[in-house]
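Below is one structure, written out as structure tokens; comments come after it.
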Amino acid sequence: MMKIQHKSATGDKGFTLVEVLISMVILVIGLLSILALFAKGLSATQYAQQDMIAKQKAREQLEAIYSARNDGRITWANITNTPVPAPGIYFPTGFQPLYRMTDSSTELVGSNINSGVPDFIVTHDNSGNFLKVNLNNYTRQVNIQLVDPTNPNLKQVTVTVRVITPGVGTRDYQVIGYVSKTQ
């Protein structure tokens, strides 16, 4: 019986089907990982903008309290919380929607509903056109308390801004400041 041997001119060098499939799986896993990192980077960019707005709105409210105290628009006794809206007291308890200051506003920066205009920011779209973005997913809470019950001339003001992101949940940003009866 005769055996026939086949020899290729280049030898039996090359990849088997299993090796090609394994390398393709590794390549696909690598590409999917890069795609996931890209998506994570995009969401981090979105959160960074929301974080910046929330921190600014918290600082804005604290600064409004300082300036109102300094120019006499609010008395020391009225720098307090109230469970229901009351004349001259601007800080209801609990989280409240943000309202924009208008020419007819009489309250502190966005602290109550008197202006009737929900707060918004102005940005631009990809074409460079101005775009108004409502801040409906932001709420703010101002908590005012005495630092020391024996010293009624110093209060701690904690401003918390809550951002509600659909599908993700809520994130809170807090600014704490102290306000004294005198400047």
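Of all residues in region 71-90, those that are under 16 Å from residue 156 (Cα atoms) have Cβ atoms under 6 Å from Cβ atoms of residues that are outside any loop (DSSP other than H, G, I, E, B) and modelled with pLDDT under 80, 6 or more apart or on another chain, in 78/89; 82/89. Look at region 158-169: where a residue is at pLDDT below 90 and a partner is part of a strand (DSSP E or B), sitting 6+ places away or on another chain with Cβ atoms under 8 Å, you get 165/171. Counting only strands (runs of 3 or more DSSP E) that sit wholly inside region 36-149, those with at least 2 residues that are more than 25 Å from residue 163 (Cβ to Cβ) and at pLDDT 85 or above are 138-148. Picking from 179, 142, which residue would you name as being surrounded by 12 or more Cβ atoms within 10 Å (Cβ to Cβ), closer than 17 Å to residue 93 by Cβ and not small (Gly, Ala, Ser)? Step by step, each of 179, 142 is checked, and only 142 is surrounded by 12 or more Cβ atoms within 10 Å (Cβ to Cβ), closer than 17 Å to residue 93 by Cβ and not small (Gly, Ala, Ser).
Pairs meeting the criteria (first residue in region 132-143 and free of Cβ contacts under 8 Å to residues at least 24 places away in the same chain, second residue of a type outside the set (Lys, Arg) and surrounded by 13 or more Cβ atoms within 10 Å (Cβ to Cβ), beta carbons under 8 Å, at least 6 apart or on different chains) are 132/120; 132/121; 133/120; 133/121; 134/118; 134/119; 134/120.
Taken as a whole, the structure places residue 154 among residues that are of a type in the set (A, V, I, L, M), at pLDDT 90 or above and under 22 Å from residue 78 (Cα atoms).
The values are calculated or read from the model by the stated rules, or taken from the named source; none is laboratory data. The model shown is predicted, which means the values in this text are computed figures rather than measured ones. Here the Cβ is made from the backbone with ideal geometry for all residues, glycine too, and neighbour counts use every protein chain on show.
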